[in-house]
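Some notes on the structure that comes next.
Quick note: the coordinates plus some simple rules give every number you see, no bench work behind them. These numbers were taken from a predicted model, which means no experiment stands behind them. Here Cβ is always computed from backbone atoms with ideal geometry, including for glycine, and neighbour counts include all displayed protein chains.
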Amino acid sequence: MLGGVLLSFTGVEALFADLGAFSMRAIQISWLAWAYPCLLLAYSGQAAHIAEMPEKYSNPFFNTVPPGMLYPSLVLAVLAAIVASQAIITATFQLSSQLMKLSFCPQMKVVHTSRKFHGQVYVPFLNWLLMLGTILVTAVYNNTTRLGHAYGVCVIFVTFFDTIM
């Protein structure tokens with residue numbers, strides 16, 4: 001249950017992970033000026049809607065959407081999921097590349113996808129490993145609620161380890 005509750009601020013772990021690419025001040029400003037107000041507004045609106053109509057508790061995001069805006073909201077949700085998954089994939093490739101340079105993991109083929117930006121890398125073996133892991137996790141949990149709780153627990157661990165480091 002705690003993992004599901006912590007999904008409300010998922011993305012914070014990505015901000016902490018971006019400390020290598022952006023300054024702490026830039027991350028603090030972007031969080032306070034943009035991300036936090038947007039989250040607060042979205043969750044306040046959903047809470048108000050649930051308070052008015054408790055029977056619509058099951059899916060507050062889509063239940064708060066006005067009638068003509070369901071498909072645009074669905075497109076927005078899919079695009080947000082694509083951006084989030086791309087961020088996870090990119091971070092995995094960058095982290096593995098750094099771990100190989102430090103001799104903390106076995107050497108694998110690393111493809112630099114940009115001549116201008118050194119951090120843009122692709123690791124084919126990890127790409128396949130991520131795909132197999134995604135299929136396995138989907139098969140094991142086979143329920144979006146359980147999968148969401150598991151993801152929330154992962155967010156807890158990532159945030160905890162980032163804080164310690």
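Values computed for the structure shown
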read-out: Principal axis box of the stretch 18-165, alpha-carbon based, largest edge first, Å; value: 57, 41, 32
read-out: The chain - mean residue ellipticity at 222 nm from DSSP helices (-39,500 (n - 2.57) per run, n ≥ 4, rounded to 500); value: -21000 deg cm²/dmol
read-out: Simple spin-label estimate for L39 and I89 in nanometres, 7 Å along Cα-Cβ; value: 2.5 nm
read-out: Highest to lowest packing among 80-92, 50-62, scored as the average C-beta count within 10 Å; value: 80-92, 50-62
read-out: Per-pair calculated FRET efficiency, R0 = 45 Å: L99 and T144 via Cβ, rounded to 0.05; value: 0.90
read-out: Sequence-separation-based contact order of the chain, relative, with Cα cut under 8 Å and 6+ spacing, percent; value: 42 percent
read-out: Folded to 0 to 90 degrees: helix 70-101 orientation relative to the chain principal axis, Cα; value: 20 degrees
